Amino acid sequence: MSRQSLPLQQIKAFEAAARRLSFSRAAEELNVLQPAISRHVAALEAELGVRLFLRTKPRLTLTEDGVLLADAVSRGFDAIRNGMDALRARRGDETIVVSASIGFTSLYLLPRLAEFQALHPSTKIQIVTRDQNPDFNANKCDVVILFGEQGVPGTSSRRIFAERMVAVCHPDLLNNGQSLTHAELAQRKLLHMSELDHNGDWERFFEGTGIEIPKPPAHDAYLSYMVYLRAIQNGLGIGIGWRPLLDEYLSSGALALASAHECNTKRGYFCSITSAGQSKPGTGLFLDWIGEVN
């Protein structure tokens, strides 16, 4: 069989049926009628002179010859996809899909993104925020920015910055700008985050002081960090902030440090390149840049 006469429609139908072990499901995937899949497979079997499937129920069974061909076709399709991905990666312009939280995006990434675009004008950045998104799938993004103790395991990752936790509030809540002691701070109204990674932040902040803080009432706990930050700005209480995320707010006087204490942990923000982004040169440029930017 010459390359020019490869029965591509038959091979495509066989590959779908071999994956699904069902002519009906293969037909649904390829948006054709089930008899069309049966005809294509039968024609391919006639061409090769072998049986590829045993028509068993409830699912098809691949014969030994069918397994051999399915493996060869799968490897061939993978090679085609890899070649197409390589060609896409060589295009002059490419778009990198970056997933990050709304807080990190608003407070850190967006204010600095123009610098990356100036350095790499041919690489475009599309930001996807994932907060409270139950359908978030990191594999559909090229770059993922996560908060924790490490990046995505098994990927190329860099720490952007380590966690530096501070207590912040509206300046009017302090007496002549004087910071509070731990004991004084514990007596104030403390606002909390209910999000899983941050619902124990105040306990971390007071760790080692011997001071225990009461469990917050539900109306003083916030799921969204941007809503939490707005509550702090509006003087509703004292909250946790992170440097350098809030450096601009502190330098402008919009917020003040409620305590001189800074809590440093092993956690931080990490940038990771996903499997989807490995073939894009721009992801490496982004990873190097965000690991060095101030």
*In this structure, is ALA42 farther than 20 Å from LEU6 by Cβ, assigned by TED's automatic domain parsing to the domain that holds ASP78, free of Cβ contacts under 8 Å to residues at least 12 places away in the same chain and not polar (S, T, N, Q)?*
no
*If you check LEU245, LEU236, which single one turns out to be touching a residue at least 40 places away in the same chain (Cβ under 8 Å), in contact with a Phe, Trp or Tyr (Cβ under 8 Å, 6 or more places away or on another chain) and in a loop (DSSP other than H, G, I, E, B)?*
LEU245
_Here is a list: GLY241, GLY253, GLY235. Which entry is at pLDDT 90 or above and under 32 Å from the mean Cα position of the chain (by Cα)?_
GLY241
*Mind counting the residues in region 268-282 that are closer than 21 Å to LEU107 by Cα and either touching a helix residue (DSSP H, G or I) at 6+ places or on another chain (Cβ under 9 Å) or assigned to a loop (DSSP other than H, G, I, E, B) (or both)?*
3
*Consider SER251 carefully, then state whether it is of a type in the set (S, T, N, Q), under 20 Å from ARG164 (Cα atoms) and assigned to a helix (DSSP H, G or I).*
yes
*Considering region 259-294 alone, what residues qualify as being crowded, with 18+ Cβ neighbours inside 10 Å and out of contact with any Asp or Glu (no Cβ under 9 Å at 6 or more places or on another chain)?*
CYS271, SER272, LEU287, ILE290
*Count, please, the residues in region 13-57 that happen to be β-branched (Val, Ile, Thr) and assigned to a helix (DSSP H, G or I).*
2
*asked:* Being under 21 Å from ASN176 (Cα atoms), small (Gly, Ala, Ser) and touching a Gly at 6+ places or on another chain (Cβ under 8 Å) is the filter here; which residues of region 208-264 pass it?
replied: ALA256
*Residue by residue through region 149-173, note down the ones that are out of contact with any helix residue (DSSP H, G or I) (no Cβ under 7 Å at 6 or more places or on another chain) and under 19 Å from TYR228 (Cβ atoms).*
GLU163, ARG164, VAL166, PRO171, ASP172, LEU173
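The values are calculated or read from the model by the stated rules, or taken from the named source; none is laboratory data. Note that the structure is predicted; figures quoted are calculated from it, not measured. Counting neighbours? That spans all protein chains shown, and the Cβs are built from the backbone with ideal geometry, glycine included.
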